[in-house]
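The values are calculated or read from the model by the stated rules, or taken from the named source; none is laboratory data. Since this is a predicted model, take the numbers as computed values, not measurements. Cβ placement follows ideal geometry from the backbone for every residue including glycine, while neighbour counts extend to all protein chains displayed.
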Amino acid sequence: MKDKSKMNEMSVPRQRRTDDGLGPNSDIGAKLRAFYGAVQDQPIPDKFLDLLEKLDQVEQAAKRKGN
Amino acid sequence: MQESPSFKRELLATLPSLRAFAVSLSGRHDRADDLVQDTMMKAWAKQDSYQMGTNIKAWLFTILRNEFYSQMRKRGREVQDTDGAFTERMSVHPSQYGVLDMADFKKALDTLPPDQREAIVLIGASGFSYEEAAEICKCAVGTMKSRVSRARTRLQDILKISGEADFGPDAVSSQVTTHSLT
């Protein structure tokens with residue numbers, strides 16, 4: 001277990017790291033996730049959805065022309 | 001080509017997190033949204049180089065990060081100002097932490113050097129493993145670990161958090177105790 005270098009490289013990505021001080025009991029970790037979550041939970045702005053639609057349409061049109 | 005609809009869906013699903021990362025990096029909402037938009041266009045243009053089924057989130061974060069640093073270089077080292085709009089938005093968001101608390105935290109985060117800031121965000125909030133984060137930032141896993149650790153220590157110093165709760169029951173309970181004795 002003390003073979004840290006190997007253990008860390010091999011660990012499952014989702015597994016909570018215990019040595020980074022950012023886990024559920026960490027104040028900094030909680031604040032960081034609150035900050036990040038506050039942005040993440042905002043609805044996706046329409047301009048992004050519009051852009052995605054436009055990109056898709058341009059591509060579809062290009063494909064039709066190509067065929 | 002059946003790839004497009006699913007690529008679009010995956011891109012869409014990653015947008016909220018990508019946006020949160022952009023705000024963390026740039027410190028400003030307006031610039032963050034430009035960054036996300038540029039990233040979407042770049043990603044769309046090179047979607048052929050993305051392999052379906054692999055980690056699209058890491059792929060997109062890498063593009064956004066590259067975009068951020070290349071824009072920073074173009075712009076020169078201009079002073080980052082804090083984002084008033086951000087604090088405003090925060091005030092309408094219900095959170096277990098107070099609005100002031102959140103604004104203080106953001107200010108503290110903004111004082112970190114960019115490499116430490118991205119490290120602690122990728123590991124502590126975006127949910128990447130050290131290996132993935134190191135790949136995104138093109139550094140060694142050990143470097144990533146030390147950046148996260150330095151970032152955490154620095155944030156604790158700035159926010160005067162000892163790691164444990166900084167307001168114990170002692171003050172209140174001692175008062176109550178004294179009270180009950182008189």
* Asked: Do we have A:Pro43 as at pLDDT 90 or above and loosely packed, with under 10 Cβ neighbours inside 10 Å here?
  -> yes
* Is segment B:73-87 home to any residue that is within 24 Å of B:Thr143 (Cα to Cα), at pLDDT 80 or above and surrounded by fewer than 12 Cβ atoms within 10 Å (Cβ to Cβ)? -> yes
* Structure fact -> The condition of being modelled with pLDDT of 50 or more and outside any loop (DSSP other than H, G, I, E, B) holds, among A:Arg64, A:Arg17, only for A:Arg64
* Pairs with Cβ under 6 Å, 6+ apart, first in segment B:100-115 and assigned to a helix (DSSP H, G or I), second surrounded by fewer than 19 Cβ atoms within 10 Å (Cβ to Cβ) -> B:Ala103/B:Thr87; B:Ala108/B:Ile158; B:Ala108/B:Leu159
* Which of the residues that make up segment B:115-154 are within 11 Å of chain A (Cβ to nearest Cβ), surrounded by fewer than 21 Cβ atoms within 10 Å (Cβ to Cβ) and within 14 Å of the chain's Cα centre (by Cα)? -> B:Arg117, B:Gly127
* Structure fact -> If you go through B:Asp38, B:Asp30, the only one that is closer than 27 Å to B:Ala151 by Cβ, modelled with pLDDT of 95 or more and surrounded by fewer than 18 Cβ atoms within 10 Å (Cβ to Cβ) is B:Asp38
* To do: Please find, within segment B:16-59, the residue that is nearest to the chain's Cα centre (by Cα) out of those that are facing another protein chain (nearest Cβ under 10 Å) and without any contact (Cβ under 8 Å) to a residue 24 or more places away in the chain.
  => B:Arg19
